[in-house]
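Below is one structure, written out as structure tokens; the observations come after it.
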Amino acid sequence: MAVLTPFRAGLVLALAASACGDPLVDERYQGTAKVTLQGNVQPSTYDIDGLGAEVRTALFWTPKGVSPSMKLEDLVEQPETGIAMEAARSFSWPIFDDPRPELLAHPPGAPAVGAAFFLSYRDVNQNRRQDADEPFVGWAPVTALLWSAQDVPAFASPSGRLQRAGWHQVAAPMWCGPAPVFPPVGDTDCGVAVGEACTQDADCGQGGTCLKDDPWPWPSGTCAVPETMPPSCRPKSGALFVSHRDPAKKWWVKACTSDSDCRGPYRCDLVNQACLPIRDVAVLLTTPMSAKPWCRGQMPPPAP
Amino acid sequence: MSGLARGVVLAAALWAVSAFALPDDTWVVSIGNNEGASHEVSLLYAERDAREVAEALRVHGPVASRRSLLLLGESATGVRRALQDVNAAIRERAGAGQPTALVVFYSGHADATALHLGGEELPFDELRALVQGSPAGVRLLIVDACRSGVVTRVKGVKSAESFRLDLQDTLTSEGMAIVTSSAAGETSQESDRLQGSFFTHHLINALRGAADGDGDGKVTLPEAYAYTYALTLRSSGDTLSLQHPTYAYDVKGKGQLVLSAPGLQAGRFGRLTLGERAVYLVRAERDTGPVVAELAPMEDARVVVLPAGQYFVQQRRPAEYREYEVSLPAGGGVDLRAAPYREVKYDRLVRSRGGERRSVQSVLVLGGASGELLAGEGPGPVLQLGFGLDLEWASVGARLRGSFRGDSGVSGFLPHQHQELGVGLTLQRFVDLPWLTVGFGVLLEGAYHRQSFSTARDAPGRSSFGASFAGLFSVERALPLGLSLRLEGGPVAAVLNRAQVDARGVVVGSAVSPAATWFLNGGATWRF
């Protein structure tokens, strides 16, 4: 048995004392993330490795608010959020900083609110910010971020919905303006296990459909009720989700008010107030980059 | 009233009285016996002390050799008979109208009632009667009593009764003075270093001139007593118990008795003029030679008379020693105020085991820099305060350290500060070179770490404890007044609780791990 000499005892005490307290950080430490995004880079015609300069993606905010006429030059970068891109790589992207007031829209009679989109650019001079002579080379078309320090009423929110304080990852493009009201049809869930996992339509019940990959992958599948014209049934616990690829495709998925209302890899989407898959921020590198629709106008009203 | 105060009062009272020297017909009986009662430890220097006192009175008194009787190792019977014979001789001279004096000195064992002389006892009452009843005009009895002891072979009386020899009593005989080496209930001590008892050693130096307070070349009994008292008390203060010599003095109307006249000496003696008031240690031949005299004159430029020859003189000043190599000529003199000397700081003396002190205390203030401890922080300023103790075998110390570092993070968006407060212990070994002192050792330290972030981000402050082990290398250059300039530095191995941060800048874990860095300081040390 080892003898506990005074030297060894002192060493043990020193080690024990060193374990007390908070671990100390070095220069790499950035703080505690406000929100962490999962994403991936999908190279298109661009080869990142052949660019010869670092491609960075950052949050670009809309101080003038979100509208169909919004242009690229209306967007303002939040440089401290930028990260370097690697071709065909997945990334975990922590956001450490809330947006500064100058990056936010200030609707009359409402708190400041921000909407941010993911844009990529070539940081030629490697100063970690997008300069005027540095072109955009990509964006994440189906994801946006919303933020507010306080609750924002629906009339002032970019999503047209009541927006709670904090960060929200939402599907893009968003509807511009208030969302129309779809009156209920029936007071049941139409005999469909809305929001439950499935592998085929038969798993969801009569009249239900199993969403698997339209317009994006639905992990483990999810049961929904398609919106028909005229509507036959609208589930009581459902919320309408409209495909951004084909506005004619609409489904009633599980409604929610917070993430706790949704199962597994699903999150409560603020815009749709529906349980939607937590999706990667898919950064798509394309060229040439043109003006993109950031919101797609008014949501079509329900069929009469 | 203390003995010193009484001595001062007595000297002041007699200031205006003229002095008178010992007459030509002065007899000295110097008694020394290393052996006491059967249960008492043998003394080493009692007989030597008796010889030295007789020699000092013979040389500086001066007392004629034929009237100087040395009784070494004598029994009580022998001492009694010798005193009776001396009194008979004195009676004859006194009867012829010649002024006479008797000086009796005793060094050896005693208790509260009697001297212990090799198994026999001579009661104090009888000794006092022999001295008091002497026909000599002036009678002086000096007793340096003995008792067995340890290390310094403590002399003195048994604690059961006080040893008082007519102290504070009205003397019945005219012209008698009594001086004892210790007060009632105190012990008297021998010193190996002085090769004699404290009391007798200082008495002899007093007679050599160290006690010549008015600089007239004569040492009176009050001067000798005051000097001997102060030095004996000082010497005994470093040992087992304090020792206060006492006196009873009653030489009515006769003025101050001059015991020696060293200023008038010539022949084979030389005059050593000391410098400013300080403690002086005089050794024969060299710095390791036997101690000839330990002096502490109460005035500057005091003159002591010593046999001609080579001496090593050490003057103990507040911040250092001054050492002199002196060649004292017969009939001439050396003035230390004009003599070359070598200056030695106290810490060097401690390490070389020279001098009396066994340790030297110090405080230090240092400023400097310490290297990077966590990636990106870079070096930062350091301030240290410390207390040290220089011992013979090593120097130990305690330190308080404050340091600061900062960085702005890789991205530049998270500036933070890192403060440290450390408490440590040092252990160093010094090597004294002619112009510098170099040291090497170790520093063990515990530290409190505090990281704070200047940011709107969610980054709360962090506090942690750590430890470090450092190599300590130093160079010192001595300055006056006990100050030294100090430069030190070395490598540091620190143990910290460190966060594991991934490429995104997020903490994903922690581990207690080592970190290597360095430190470099400069500043001042004050030794006292």
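The values are calculated or read from the model by the stated rules, or taken from the named source; none is laboratory data. Model, not experiment: these values are computed from the prediction. Don't worry about glycine lacking a Cβ; one is built from the backbone with ideal geometry, like all the others, and counts go over all protein chains shown. Only protein heavy atoms, including side chains, enter the accessible area calculation; ligands, DNA and RNA are left aside. Shrake-Rupley method; radii C 1.70, N 1.55, O 1.52, S 1.80 Å.
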Name the single residue, out of those in the range A:98-119 being farther than 17 Å from A:Val152 by Cα and under 16 Å from the mean Cα position of the chain (by Cα), that is surrounded by the most Cβ atoms within 10 Å (Cβ to Cβ).
-> A:Phe118
Counting only residues that are aliphatic (A, V, I, L, M) and over 16 Å from the mean Cα position of the chain (by Cα), the range A:55-65 contains a total of 1
Determine whether B:Leu414 is touching a helix residue (DSSP H, G or I) at 6+ places or on another chain (Cβ under 7 Å) and at the interface with another protein chain (Cβ under 8 Å from one of its Cβ atoms).
-> no
Taking the residues in the range B:310-358 that are modelled with pLDDT under 75 and at positive phi as candidates, determine which candidate is least open to solvent (accessible area, probe 1.4 Å).
-> B:Gly355
Is the range A:76-89 home to any residue that is within 16 Å of the chain's Cα centre (by Cα), farther than 23 Å from A:Thr32 by Cα, away from chain B (no Cβ under 11 Å) and surrounded by 15 or more Cβ atoms within 10 Å (Cβ to Cβ)?
-> no
Kindly indicate whether any position in the range B:75-90 is part of a strand (DSSP E or B), touching a residue at least 60 places away in the same chain (Cβ under 8 Å) and of a type outside the set (Asp, Glu).
-> no
Residues of the range A:66-75 being within 20 Å of the chain's Cα centre (by Cα) and either at pLDDT below 90 or within 14 Å of chain B (Cβ to nearest Cβ) (or both), which ones?
-> A:Val66, A:Ser67, A:Pro68, A:Met70, A:Leu72
Collect the residues in the range B:1-43 that are surrounded by 23 or more Cβ atoms within 10 Å (Cβ to Cβ), modelled with pLDDT under 90 and assigned to a strand (DSSP E or B), keeping them in residue-number order.
-> B:Thr26
So which pairs qualify, if the first residue must be in the range A:19-41 and at the interface with another protein chain (Cβ under 7 Å from one of its Cβ atoms) and on the phi > 0 side of the Ramachandran plot, the second must be surrounded by fewer than 17 Cβ atoms within 10 Å (Cβ to Cβ) and among the small types (Gly, Ala, Ser), the Cβ gap must be under 8 Å, and the two must be at least 6 apart or on different chains?
-> A:Gly21/B:Ser463
Can you give me the ranges of the strands (runs of 3 or more DSSP E) entirely in the range B:289-405 with at least 3 residues that are more than 14 Å from chain A (Cβ to nearest Cβ) and closer than 29 Å to B:Thr200 by Cβ?
-> B:291-295, B:303-307, B:309-316, B:320-328, B:333-335
Among the residues of the range B:456-501, write down those that are surrounded by fewer than 16 Cβ atoms within 10 Å (Cβ to Cβ) and within 12 Å of B:Glu445 (Cβ to Cβ).
-> B:Ala493
Identify, please: which residue in the range B:502-516 is under 60 Å from the mean Cα position of the chain (by Cα) and open to solvent by 80 Å² or more (accessible area, probe 1.4 Å) and is, among those, nearest to the other protein chains (Cβ to nearest Cβ)?
-> B:Pro514
Looking at (1) facing chain A (nearest Cβ under 8 Å); (2) buried (at least 18 other Cβ atoms within 10 Å of the Cβ); (3) not aliphatic (A, V, I, L, M), which is the one condition that is false for B:Gly439?
-> (1)
Flagged in the range A:266-285 as assigned to a loop (DSSP other than H, G, I, E, B) and either modelled with pLDDT of 85 or more or in contact with a strand residue (DSSP E or B) (Cβ under 6 Å, 6 or more places away or on another chain) (or both), in numbering order, are A:Leu270, A:Val271, A:Asn272, A:Gln273, A:Ile278, A:Asp280
Collect the residues in the range B:188-209 that are aliphatic (A, V, I, L, M) and either open to solvent by 10 Å² or more (accessible area, probe 1.4 Å) or closer than 14 Å to B:Ala261 by Cβ (or both), keeping them in residue-number order.
-> B:Leu203, B:Ile204, B:Ala206, B:Leu207
Go through the range B:177-261 and tell me which strands (runs of 3 or more DSSP E), entirely inside it, have 2 or more residues that are in contact with a Gly (Cβ under 8 Å, 6 or more places away or on another chain) and modelled with pLDDT of 85 or more.
-> B:256-260
For the range B:417-427, does any single residue satisfy the condition of being free of Cβ contacts under 8 Å to residues at least 60 places away in the same chain, away from every other protein chain (no Cβ under 14 Å) and out of contact with any His (no Cβ under 7 Å at 6 or more places or on another chain)?
-> yes
Over the range B:446-455, the set of residues surrounded by fewer than 21 Cβ atoms within 10 Å (Cβ to Cβ), under 49 Å from the mean Cα position of the chain (by Cα) and more than 7 Å from every other protein chain (Cβ to nearest Cβ) is B:Tyr448, B:Arg450
